[in-house]
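Here is the structure we will look at.
Values in this text are rule-based calculations from the coordinates and carry no lab data. None of the values given here were measured: they were computed from a predicted structure. With ideal geometry, Cβ positions are generated from the backbone for all residues, glycine too; neighbour counts draw on all protein chains shown.
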Amino acid sequence: MLSDPNLFLLDEPTSGLDANIEKKIMKKLREIANTGKTIIITAHTISNLHLCDKILFMGKDGKICYYGSYQKILDYFKVEEFVDIYDLLKKDTDYWYKKYMKQDKKEPIIIKNKKENNEQV
């Protein structure tokens, strides 16, 4: 953070922390993202994912099964609780990967940087 980077890649930045500290760190990362910085994190806890702009769910072999907003994820997977998504992906990654790929043709993943042009992935 000392060099004021535009991109942060963080591997489980809240791993091993109590819930209160995790929430504070995730809120701070949200504040940093609001300044135009791009923050990419891996996370296995779900309590603060609502603070993220986009969520990427991957199944076995690194297959992308979902990319989108937190608000749409329960409807996409047709579940009532977020935690139930893990069982679906474990049971049939290929189904969700194919579903994602059909959707992706309509709407490609775009990484938006508020200070620069958009890049398509």
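Each DSSP beta bridge with both residues in the chain is either parallel or antiparallel, and the antiparallel ones are about 55%. Using 0.36 nm per residue and subtracting the Cα-Cα separation, the extra length available between MET101 and THR35 on full extension is 20.6 nm.
Based on DSSP H runs of at least 4 residues, each adding -39500 (n - 2.57), what is the mean residue ellipticity at 222 nm of the chain after dividing by all its residues, to the nearest 500 deg cm²/dmol? List each step's numbers first, then the result.
Numbers: 4 runs with 45 residues, N = 121.
My calculation for the chain gives -11500 deg cm²/dmol from helical runs alone.
Database remark: amide H of ASP53 closer than 5 angstrom to no amide H (H placed geometrically; neighbours at sequence offset of 5 or more, or on other chains; Pro and chain starts carry no H).
Relative contact order, whole percent, for region 23-79 stands at 24, derived from Cα pairs under 8 Å and 6 or more residues apart. Across the chain, Cα pairs under 8 Å and at least six residues apart give a relative contact order of 20 percent. For region 22-91, trypsin sites (Lys or Arg not before Pro) are listed when DSSP marks them as loop and at most 14 other Cβ atoms sit within 10 Å of their Cβ; the list is LYS54, LYS78. Between the amide H of MET58 and those of CYS65, distances stay under 5 Å, these residues lying 5 or more places away or on another chain, with hydrogens modeled in the peptide plane.
Annotation: amide H of PHE8 within the under-5 Å range of THR38, ILE39, ILE40, sequence separation 5 or more or interchain, hydrogens built in the peptide plane.
Between the labelled values [x] 1.01; [y] 0.97; [z] 1.03, the entry that holds Rg/Rh (Cα atoms, Kirkwood Rh) as derived from this structure is [y]. Which residues does the label zone of SER47 cover in region 4-28, counting backbone N under 20 Å from a point 7 Å along Cα→Cβ? Residues passing the 20 Å test: 11-28.
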